[in-house]
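K.L.:
Before we start, here is the structure in question, set down as structure tokens.
What follows draws every value from the coordinates through simple rules; no lab data is involved. These numbers were taken from a predicted model, which means no experiment stands behind them. Every residue, glycine as well, gets a Cβ built from its backbone with ideal geometry; the counts of neighbours run over all protein chains shown.
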Amino acid sequence: MVGNRHFLAWKTRAARVLHRYPTAFATASKLFYKLDRSFETLSPGAPGAIDDALRRVSAEGPAGDYYEFGLFRGFTLLQAQRSADAHGLRSMRFHGFDSFQGLPAVEGIDRADGHFFAGQFACSKQAVTRNLERHGADLSRITLTEGFFCDSLTPALQADPRFGPVAVAFVDCDLYSSTCDVLGWLESRLQDGSRLLFDDWYSFGDHQELGQQRAFAEFLARTATWTADPIDEFEDHGKAFRLRRVDA
């Protein structure tokens, strides 16, 4: 089988051509993910950004858990645990959230450029668990929550004592609507110094009225509790922030 790097290069070239034709783009994407079964992240800069955030947490605080929204095949969740252990955070717990059916129906402003479609990035919970186990993850420190975020991120789940305060959250759910669901649910677990990493910050370009940029701006305006200091940007579309409590 041809290596993953070849498939990623092919996907990039094909996307440039097919981007203006949403139906053809969706068909090509489905073919790509059917052929490419490798256990690697689609965001080349994400593992390094997560490692840097965990390194900073180890040195500066705050203590807390790692959260990831949008797992695909589980690679970045595994890498997060490995990085945490390497930086001495061996008691950290890891929480992964995914529909395991791919993206939800893409509606409203999330349809802006036809880049995303329902079912994209699907991988079953069983397959993700097998991937993690096969690559040596400590499953006793991992919780996986299944469901579309609008359904699964409930007040009852918010009250679950398994979920501690946020040290680092990796938000890889692509869409404005999903990011709003995530931020609303995380709000009560955020703390001064929490790191938020948005993997799709520039997925709609540098457009403040779309995607994760809009969702985060609305969250900060609505809560009036936090300010966000940019930490870094990472490939392909990511940006990381450190939260500061306004009254701290």
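K.L.:
How long, wide and thick is region 90-174, going by the Cα atoms along their three principal axes, in whole angstroms, largest first?
P.N.:
Over region 90-174, Cα extents along the principal axes are 42, 31, 20 Å.
K.L.:
Now for a separate question. Name the residues of region 144-165 whose amide N is less than 16 Å from a point 7 angstrom out from the Cα of residue 124 along the C-beta direction?
P.N.:
146-147
K.L.:
Counting Lys +1, Arg +1, Asp -1, Glu -1, what net charge surrounds residue 241 among other residues with beta carbon under 10 Å of its beta carbon? Show your work: numbers first, answer last.
P.N.:
On the way: positive: 195, 239, 242, 244; negative: 229, 232.
Taking every Cβ under 10 Å from that of residue 241, the sum is +2.
K.L.:
Please give the peptides 233-241, 54-62 ranked by average Cβ packing (other Cβ atoms within 10 Å per residue), highest first, as a rough proxy for protection.
P.N.:
Numbers: 233-241: 19.4, 54-62: 16.3.
By packing density, highest mean first, the sequence is 233-241, 54-62.
K.L.:
Count the net charge of all other residues whose Cβ sits under 13 Å from the Cβ of residue 209, scoring Lys and Arg as +1 and Asp and Glu as -1.
P.N.:
Numbers: positive: 214; negative: 110, 113, 206, 218.
Overall, the nearby charge balance is -3.
K.L.:
How much length, in nm to one decimal, is gained on full extension between residue 134 and residue 113, taken as 0.36 nm per residue of separation minus their Cα-Cα distance? All intermediate terms of the calculation are to be shown ahead of the outcome.
P.N.:
On the way: separation 21, 0.36 × 21 = 7.56 nm, distance 3.71 nm.
Taking 0.36 nm per residue and subtracting the Cα distance, the gain is 3.9 nm.
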